[in-house]
Every structure is written in C-alpha cells, then in structure tokens.
1. At 222 nm, what value in deg cm²/dmol follows for the chain if DSSP H runs of at least 4 each add -39500 (n - 2.57) and the sum is divided by all its residues, to the nearest 500?
2. Quote the convex hull volume per residue of the chain, based on C-alpha atoms, as a whole number of Å³.
3. With 24 Å as the limit, write out which pairs from K25/K82; K84/K105; K3/K98; K3/K32 have Cα-Cα distances beyond it, or answer none.
4. Name the residue farthest towards the positive end of the dipole of the chain from the options F59, Y31, M1, assuming +1 on Cβ of Lys and Arg, -1 on Cβ of Asp and Glu, about the Cα centre.
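What follows is calculated from the coordinates using simple rules that are stated; it is not laboratory data. A quick note: this is a predicted structure, and the numbers were derived from the prediction, not measured. Methodologically, a virtual Cβ is constructed for each residue, glycine included, from the backbone with ideal geometry; neighbour enumeration extends over all protein chains shown.
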Amino acid sequence: MYKVVFTVVDVQDPKSIDGNPPHVKGPCKIYKVGDKITITSNPGRLVLEETDSVCLAAFSAILPLTSAMERNVTEPWDYIDKIKFFSCPDSERPVTFKVERIPVKQGEIPLRKS
C-alpha cells in the first residue's frame with residue numbers, strides 16, 4: 001500500500017493556445033510551488049500539507065489516478081509506478097505536480113489526529 005503525494009513544482013503564467021489572448025489573467029490563484037496534497041489509505045483520505053485549498057478541476061483529474069497509485073504494482077507491463085509528473089487540465093495556465101508513491105504499512109496512517 002502507498003500514500004500518494006502531489007507536490008506543486010510549476011505554476012505557469014497564462015499563454016495563448018490559438019493566438020488569441022487568453023481568457024484568464026495571471027497564474028493559478030489556488031496553488032503555489034511547494035504546496036502538497038496527500039491521498040492516504042483506502043477508501044482514500046485527503047490530507048492537505050502546506051496548502052489550504054484544493055482546486056476542483058485539478059482534483060478531478062488527480063482523483064482517478066490515486067486509487068491505482070495506492071496499490072502494489074505486480075504486472076510487469078503496468079506503468080503506474082513510472083508516472084512522475086501530472087498536470088491539471090487548465091490548458092491556458094496549467095499547474096504541474098510531482099507525483100510520489102510512498103510505501104506505508106497497514107495501520108501506519110492514523111484515521112484521525114488525536
């Protein structure tokens with residue numbers, strides 16, 4: 001079993017995709033470099049480390065990936081442990097996350113802080 005840590009490594013300024021001015025002003029207002037989102041245990045618990053908010057667009061892209069990344073890789077063709085970076089779906093000002101799979105033992109992660 002693994003916990004999955006998504007660390008923001010790049011927050012880009014808006015850029016045009018089609019030559020027209022971008023419809024947004026400035027970089028993402030939610031994330032800054034160094035922010036971390038951690039997904040732990042099953043059924044999955046969201047732990048915010050060094051950030052106080054979650055962008056729903058980025059989270060909706062991350063969520064399907066996390067359950068696969070929490071499991072052990074047993075098939076030689078499986079690529080899930082080779083994913084190192086992931087971007088949110090905002091095409092004009094994407095945020096890039098470094099993805100880390102950190103092994104944990106059963107019961108190592110408490111369900112609630114005491």
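1. For the chain, the value works out to -4500 deg cm²/dmol.
2. 113
3. Distance filter (> 24 Å) returns K25/K82.
4. Projecting each Cα onto the dipole axis, the largest value belongs to M1.
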